[in-house]
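Trainee: Okay, here's the structure, questions in a sec.
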Amino acid sequence: MRAMADSYRNKTDEQWQAMLTQEQFRVARQKGTESAFTGQYWDTKTPGMYHCVCCGQVLYDSSTKFDSGTGWPSFFEAADKQAVASQSDCSHGMVRVEALCSKCGAHLGHIFTDGPVPTGQRHCINSASLELKEKK
């Protein structure tokens with residue numbers, strides 16, 4: 001993973017809690033997961049760019065969003081390959097690939113290999129980790 005910017009790496013939990021909602025903090029900073037079909041963006045079709053809720057980095061373009069039927073926003077690729085980092089996640093008795101914001105380390109969700117062409121990837125992302133900025 002790319003080195004995080006110092007201003008994000010040095011934030012305390014108290015600083016993150018002051019800038020995020022309780023749910024955003026639980027998901028993005030404590031590696032939580034929102035329940036399926038409950039997040040703000042799971043069925044959104046609005047054109048725009050999805051940014052990291054913690055640092056504002058552009059993560060996903062709405063043109064890569066698809067309905068995976070899982071109840072979470074799903075994308076077949078990141079807006080920029082450098083924006084989303086990944087690491088192994090062995091929690092909950094399974095082995096998965098965790099998706100993280102490369103700038104601030106926020107937990108976004110997980111990446112699976114059952115997505116559509118052209119990448120075959122499904123970035124299964126928590127709405128609580130995202131902020132959609134609509135295209136004008």
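Trainee: Take the residue pairs LYS31/LYS103; LYS11/LYS45; LYS11/LYS135; LYS103/LYS135 and return only those whose Cα atoms are more than 27 Å apart. Let's see the in-between values first.
Mentor: On the way: LYS31/LYS103 16 Å; LYS11/LYS45 33 Å; LYS11/LYS135 31 Å; LYS103/LYS135 23 Å.
In this structure, LYS11/LYS45; LYS11/LYS135 exceed 27 Å between Cα atoms.
Trainee: Let me ask you something else. Given the rule -39500 (n - 2.57) for each run of at least 4 DSSP H residues, summed and divided by the residues of the chain, what is its mean residue ellipticity at 222 nm, to the nearest 500 deg cm²/dmol?
Mentor: Numbers: 2 runs with 11 residues, N = 136.
Theoretical 222 nm ellipticity from helices: -1500 deg cm²/dmol.
Trainee: Hand me the chymotrypsin sites (Phe, Trp or Tyr not before Pro) from the stretch 1-88 located in a DSSP loop with no more than 10 other Cβ atoms within 10 Å, in residue order please.
Mentor: Values: sites: TYR8, TRP16, PHE25, PHE37, TYR41, TRP42, TYR50, TYR60, PHE66, PHE75, PHE76; in loops: PHE37, TYR41, TRP42, PHE76.
Here the sparse-neighbourhood loop sites are PHE37.
Trainee: Given R₀ = 30 Å, what would the calculated FRET efficiency be for VAL97 paired with GLU134, taking r from the Cβ atoms and rounding to 0.05? List each step's numbers first, then the result.
Mentor: On the way: r = 29 Å, r/R0 = 0.97.
Taking R0 as 30 Å, the efficiency between VAL97 and GLU134 is 0.55.
Trainee: For the stretch 92-106, in order, what is each residue's ³J(HN,Hα) by Karplus, 6.51 cos²θ - 1.76 cosθ + 1.60 with θ = phi - 60°, in whole Hz (x at glycine and Pro)?
Mentor: Rounded to whole hertz, the list is 6, x, 9, 10, 9, 9, 7, 9, 10, 5, 6, 7, 10, x, 4.
Trainee: Measuring from label point to label point, each 7 Å out along Cα→Cβ, what is the ASN10 to THR46 span in nm?
Mentor: Here the modelled spin labels are 3.5 nm apart.
Trainee: Looking at [x] 9.1; [y] 8.2; [z] 15.1, which value of mean projected area of the Cα convex hull in nm² comes from a calculation on the structure shown?
Mentor: Comparing each candidate, only [y] matches the computed number.
Trainee: Name the residue, out of MET49, MET19, MET94, whose mean-square fluctuation peaks in a Gaussian network model built on the chain with Cα pairs under 10 Å.
Mentor: Of the options given, MET94 has the highest mean-square fluctuation.
Read the figures in this text as sums done on the coordinates, not as results from a lab. No experiment lies behind these values; they were computed from the predicted model shown. We place every Cβ from the backbone using ideal geometry, glycine too, and count neighbours over all the protein chains shown.
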